[in-house]
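A quick write-up on the structure given underneath.
The values are calculated or read from the model by the stated rules, or taken from the named source; none is laboratory data. Keep in mind that this is a model prediction, so the values were computed, not measured. All Cβ positions, even for glycine, are placed from backbone atoms using ideal geometry, and neighbour counts span all protein chains on display. What goes into the accessible areas is simple: the full protein's heavy atoms, side chains included, and nothing from ligands, DNA or RNA. Shrake-Rupley method; radii C 1.70, N 1.55, O 1.52, S 1.80 Å.
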Amino acid sequence: MLCLRMARKRKNVSRNRKIKDDHRQPDNNGTYTAELPSNVIDQILSLISTKRAVRAGLLSKEWGHLWSSVPVLDFDEDEDGKPGDKLQRRKFINFIRRCLKRRRKDKSNIDKFRLHMRYYGSLTSVNQWLSLAAERNVKELEISFIREKNPGTRSHRPFYLPQTILNNAKSLTTLKLESVTVKDSIDAVSLPSLKTMSLELVQFRSSLSLMQLISGCPSLERVLITSCTGLSDLKILSSSLKSLEVVNCYVQGIKVEAGNLESLKFYGNFCSRYMFHTFDIFTCQRVRSIEFRAIFLTDAWCKGFNLSFPLLESLALHQCLWDYWEFEQIKISSQNLKRFVFSDSGCIKPFFLLDLPNLSEARIDLRYRPVESAIPWDFKCLRNCLENFNTSRKLILHVTLPQLCTFPEWIRNNYPPPLPSLKYLEVEISDSTTAATDSALMDSLHWMAPVSQVSIHYETTSA
């Protein structure tokens, strides 16, 4: 009996020691629950919205006093998935005010401040909220408004980016703006630590305001401009900029002077394909990647590739319009280019002549359906176009129908193959409902690239 009691005692001591080592304490019911270190709880609360962090604090006394010092404030009016009524909106605004009132008592820094809400032009507290974030050395700032007219009113006033952010946010490294307005002439901008700027649906009063905004960011490395207005002539001057993306903006001309720029992406819209006149980026001699979509390119402009971009490694041209005569070709020459991408939605024409001796991979994307057009598919033009990629190591050919790369016998009997030296040929077919016979397709591909390793991939769509 004594031995049994001693064994039970040793077992209880071992069990208590294990509980102590695991940082667990019994609750009122005698059940042991785990205690997490405060820094781990801070990391967990930083990954969820402020609303959910407050709810977690209500469920746990241990977490209740920690949410107010979490370095992330994330407010989203549509967090629950659907827009609320006036009562829900009032609750949301009051919730932000209570949280920030409590946060003013805590003097710790704010690493990230995100505000996503509906804005009708009558809320003056937003500037106060952003001022608090600037005072607490915010590093990441995201402002996203859903612009709607307030019921019963004719219009709403725009939200102007406050000057306190442009002057006082010295620690800011990431700035994301959506559906805000930048004044015509802004005061001196001082954002010495900013590295990433994302602007979406931002309304500029003039192109000058964007120039002033960028000029006040000496450490800026990445700029993304999406669906912004008021930028008829875009001029960007930055010695630190490495990546620039301009997507779906009504821009007539663009001039970029950025000596350290490495990546440039410009996606135009339907109008820009016809009215794009000025595109001056030839001072960016360190650029390694260029991607264009829906813009107007001229032969004179393309001739400057080899001299102006000696380090260029990747070039992508999607659905662009070309200024060329019927019997002339657009010439693109680059000694260091390793990747070339071309896509078109119309009947292909051999309008470009490539001199790319070090090309490693090319992708040709032909989204064309002859059944929907009166223009016949020109296999002779396709063959002449494919000749440009004979010196590359790999060619990816994407077509909507297998018939588009199934050359007829009269072409194969009268013309030499376009890719006699290609090593790898990969064909992607997006519509296999009317697939050509495997033998006819394979015969065509082996004629196109007689020494190449050929692979075919059909894209399947789920019902």
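Six or more apart or on different chains, Cβ under 7 Å: which pairs go from a residue in the range 186-200 that's within 11 Å of Asn167 (Cα to Cα) to one that's polar (S, T, N, Q) and part of a loop (DSSP other than H, G, I, E, B)? Could you list them?
Filtered contacts from the range 186-200: Pro192/Ser219.
Are there any pairs, at least 6 apart or on different chains, whose C-beta atoms fall under 9 Å, with the first in the range 245-266 and without any contact (Cβ under 8 Å) to a residue 24 or more places away in the chain and the second open to solvent by 10 Å² or more (accessible area, probe 1.4 Å) and basic (Lys, Arg), and if so, which?
Glu245/Arg222; Glu245/Lys265; Val246/Lys265; Val247/Lys265; Val247/Arg293
Looking at (1) closer than 20 Å to Ser289 by Cα; (2) at pLDDT 90 or above, which is the one condition that is false for Leu397?
The single condition Leu397 does not satisfy is (1).
Please specify each residue of the range 313-370 satisfying the condition of being closer than 28 Å to Pro402 by Cα, open to solvent by 20 Å² or more (accessible area, probe 1.4 Å) and at pLDDT below 65.
Ser345, Gly346, Cys347, Lys349, Pro350, Arg369, Pro370
Quick test of your reading of the structure: Ile146 fulfils all but one of (1) surrounded by fewer than 22 Cβ atoms within 10 Å (Cβ to Cβ); (2) part of a strand (DSSP E or B); (3) at pLDDT 90 or above. Name the failing condition by number.
Of everything listed in (1) surrounded by fewer than 22 Cβ atoms within 10 Å (Cβ to Cβ); (2) part of a strand (DSSP E or B); (3) at pLDDT 90 or above, Ile146 misses just condition (3).
Using the structure shown, decide if Arg55 is under 14 Å from Trp129 (Cβ atoms) and either modelled with pLDDT under 85 or acidic (Asp, Glu) (or both).
no
Before we move on, is Lys91 over 15 Å from Glu142 (Cα atoms), outside any helix (DSSP H, G or I) and open to solvent by 40 Å² or more (accessible area, probe 1.4 Å)?
So Lys91 does not fit the description; no.
Restricting attention to the range 212-232, and to residues there that are modelled with pLDDT of 90 or more and among the aliphatic types (A, V, I, L, M), which single residue is surrounded by the fewest Cβ atoms within 10 Å (Cβ to Cβ)?
It comes out as Leu224.
Looking at the range 247-273 only, could you name the residues that are out of contact with any Cys (no Cβ under 8 Å at 6 or more places or on another chain) and more than 20 Å from Thr298 (Cα to Cα)?
Val247, Asn248, Asn260, Glu262, Ser263
When you scan the range 192-211, how many residues do you find that are closer than 18 Å to Tyr267 by Cα, hydrophobic (A, V, I, L, M, F, W, C) and open to solvent by 20 Å² or more (accessible area, probe 1.4 Å)?
1
Note down all Cβ pairs under 9 Å where the first residue falls in the range 352-364 and is among the basic types (Lys, Arg), the second is open to solvent by 60 Å² or more (accessible area, probe 1.4 Å), and they're at least six residues apart or on different chains.
Arg363/Arg339
Find all pairs meeting these conditions: Cβ atoms under 6 angstrom apart; at least six residues apart or on different chains; first residue within the range 206-232 and more than 18 Å from Glu262 (Cβ to Cβ); second residue of a type in the set (Gly, Ala, Ser) and open to solvent by 30 Å² or more (accessible area, probe 1.4 Å).
Correct list of pairs: Gly216/Ser190.
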